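A short reminder: the numbers here are calculations on the coordinates, not readings from a lab. Because the structure is a prediction, the values reported are computed rather than measured. Methodologically, a virtual Cβ is constructed for each residue, glycine included, from the backbone with ideal geometry; neighbour enumeration extends over all protein chains shown.
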Amino acid sequence: MTPSTPERGALILAGGRGERFWPWSTPERPKQLLPLATGGRTLLAATFARATRIVPAANVVVMTALPLVEACRRECPGAIVVGEPVGRNTAPAIAAAASFFPEGTAFAVLPSDHTIGDEAAFEADMKRAFDIATREPLLVTFGIRPAQPETNFGYLKRGARLGERYFRVAQFTEKPDLARATAWVASGEYLWNSGMFVWGKRTFRDALEAGRPAIAEALAGLSFRAGEERAFEAALVERFAPVESVSVDYAVLEAAPNVVMIEAAFDWDDLGSWGAWARRQPRDARGNVTWGDAVPVDCDDCVVVGDGTPAAPLGLSDMVVVATPNGTLVCRRQDTEQVRRVTEAVRARGGKS
């Protein structure tokens with residue numbers, strides 16, 4: 001890491017498959033590598049650009065799947081890119097990648113598939129989180145003020161107020177049903193769980209040892225520097241496969257007593273579906289969102305994507321039509337959260353998903 005800011009780093013988690021964006025997303029080109037961000041950038045490139053607002057590129061680690069290392073390196077010039085031999089969810093990925101950061105470092109954890117418009121507000125909140133995590137042994141996360149009841153996000157319940165937009169976290173909750181999400185939003189006590197964190201390396205390691213000692217033990221003693229990525233990946237081959245696959249929320253944060261939350265000043269969305277992506281895109285005069293070789297004819301409020309082949313729906317309303325060489329998707333906009341069922345069906349028939 002560079003001597004100018006040895007106390008700060010960032011980890012970008014880029015191992016997701018993005019199955020709800022089929023057929024545009026594939027195992028070789030998952031959601032984070034699609035041009036879903038503002039200006040046609042990939043989500044990963046946009047995340048990397050935000051990370052380098054707070055730390056130098058050389059202090060950024062990108063953790064991805066082994067087959068995606070080269071593609072991620074192209075999107076994140078100057079970063080350290082390493083590949084997992086097998087997916088084991090966020091807790092083991094963070095624990096392994098943390099070995100890059102020297103003792104005494106605080107580092108941010110950033111998923112690669114989020115969209116944030118107000119990057120100045122993001123930078124300010126991140127700097128505040130780093131100040132907190134550097135000063136005290138706290139696990140800092142970011143809560144997002146809900147725009148509407150949402151069943152596809154986890155929630156954080158606010159605890160005691162510690163400062164302006166700054167609270168203890170009283171409870172982590174899993175994705176609720178609509179009735180519960182509606183009640184939580186109405187109460188004003190719950191915020192969306194952004195899945196972004198800032199903490200000291202030692203603070204995280206202590207919390208992992210308390211919550212999942214087997215993971216901490218399995219990955220203890222790992223270390224690497226720039227230029228040693230391939231040796232590090234080889235070491236992971238032996239250690240990663242037997243490790244429990246578990247999220248950092250469940251393994252560490254739900255039980256840790258030292259979790260705090262900054263209520264984010266920046267806008268945020270988790271682009272988990274075609275519908276979520278379309279919410280942030282420009283529309284034509286009839287409310288259609290289009291990308292690529294897309295020609296909606298007499299359509300209203302549709303999402304139409306043509307990548308490598310034309311997509312030309314006729315006379316449709318509130319539909320999603322995606323045409324690629326990998327396949328074609330047609331569904332109602334209200335059903336976009338269920339697209340994973342399509343990928344499972346295609347896979348079961350031996351198709352490419």
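Where does the charge balance sit around Asp300 when Lys and Arg score +1, Asp and Glu -1, over other residues with C-beta under 9 Å from its C-beta?
Local net charge: -2.
From the phi angles alone, apply the Karplus equation (6.51, -1.76, 1.60; θ = phi - 60°) to the stretch 307-314 and give each ³J(HN,Hα) in whole Hz, x where the residue is Gly or Pro.
Coupling constants for the stretch 307-314: 10, x, 7, x, 10, 9, x, 10 Hz.
Given Cβ point charges of +1 (Lys, Arg) and -1 (Asp, Glu) and nothing else, what value in debye, to the nearest 20, does the dipole of the chain about its Cα centre take?
For this selection, approximately 120 debye.
Give me the Kirkwood hydrodynamic radius of the stretch 120-203 in Å, from all C-alpha pairs, to one decimal place?
One decimal place: 13.5 Å for the Kirkwood radius.
Under 13 Å from the Cβ of Arg230, count the other residues' Cβ atoms, weight Lys and Arg +1, Asp and Glu -1, and hand me the total.
Its environment carries a net charge of -2.
Compute the distance from the alpha-carbon center of the stretch 1-72 to that of the stretch 255-334, in whole Å.
Cα centroid of the stretch 1-72 versus Cα centroid of the stretch 255-334: 21 Å apart.
Compute the length gained on full extension between Asp318 and Ala210: take 0.36 nm times their separation in residues and subtract their Cα-Cα distance, giving the result in nm to one decimal. Could you put the intermediate results ahead of the total?
Numbers: separation 108, 0.36 × 108 = 38.88 nm, distance 4.86 nm.
Residue separation times 0.36 nm, minus the Cα-Cα distance, leaves 34.0 nm.
What is the gain in length, in nm to one decimal, between Ser245 and Arg341 on full extension, counting 0.36 nm per residue of separation less the C-alpha to C-alpha distance?
Taking Ser245 through Arg341 to full extension adds about 32.4 nm, to one decimal.
Using the Kirkwood formula over every pair of different C-alpha atoms, what hydrodynamic radius in Å results for the stretch 40-187?
Here the Kirkwood hydrodynamic radius works out to 17.3 Å.
Label points 7 Å out from Cα along the Cβ direction at Thr38 and Val86: separation in nm?
4.1
Output the antiparallel fraction of DSSP beta bridges having both residues in the stretch 8-270, as a percent to the nearest 5.
Just about 50 percent of them are antiparallel.
What's the angle, to the nearest 10 degrees (0 to 90), between helix 201-211's Cα axis and the longest principal axis of the chain?
That works out to roughly 80 degrees.
Would you mind calculating the relative contact order of the stretch 274-348 from Cα pairs under 8 angstrom and at least 6 residues apart, reporting the percent as a whole number?
It rounds to 22 percent for the stretch 274-348.
With all distinct Cα pairs included, what does the Kirkwood hydrodynamic radius of the chain come out to in Å, to one decimal, could you say?
21.1
Once label points are set 7 Å from the Cα along Cα→Cβ at both Ala183 and Ala120, what is their separation, rounded to one decimal in nm?
Here the answer is 4.1 nm between the modelled labels.
Would you compute, from DSSP H runs of 4+ residues alone, the mean residue ellipticity of the chain at 222 nm, taking -39500 (n - 2.57) per run and dividing by the full residue count, rounded to the nearest 500?
Details: 10 runs with 95 residues, N = 353.
When only DSSP H runs of four or more count, the value is -8000 deg cm²/dmol.
Any idea what angle helix 229-240 forms with the longest principal axis of the chain, computed on alpha-carbon atoms, 0 to 90 degrees, nearest 10?
Approximately 90 degrees, to the nearest ten.
Run through the DSSP bridge list for the stretch 269-353 and note the antiparallel percent, rounded to the nearest 5.
Numbers: 6 of 17 bridges.
Close to 35 percent.
Can you tell me which aspartates and glutamates have their Cα less than 16 Å from the Cα of Lys201? Leave out same-chain residues fewer than eight positions away.
Glu7, Glu103, Asp131, Glu136, Glu209, Glu217
What are the ³J(HN,Hα) couplings of the stretch 65-71, residue after residue, when phi is run through the Karplus curve with 6.51, -1.76, 1.60 and θ = phi - 60°? Round to Hz, x for glycine and proline.
Values, residue by residue: 7, 3, x, 9, 4, 5, 5 Hz.
Sorted by mean Cβ packing within 10 Å, highest first, what order do the peptides 181-189, 135-143 take?
My ranking of the peptides, most packed first, is 135-143, 181-189.
Using just the C-alpha positions of the stretch 274-348 as equal point scatterers, what log10 of I(q)/I(0) does the Debye formula give at each q in 0.20 1/Å?
At q = 0.20 Å⁻¹ the computed log10 ratios are -0.81.
Grab the Cα-Cα distance for Arg349 and Glu228, subtract it from 0.36 nm times how many residues apart they are, and report the gain in nm with one decimal.
Taking Arg349 through Glu228 to full extension adds about 39.5 nm, to one decimal.
Non-local amide H neighbours of Tyr166 (under 5 Å, H modeled in plane, Pro and chain starts lacking H): which ones?
Glu263
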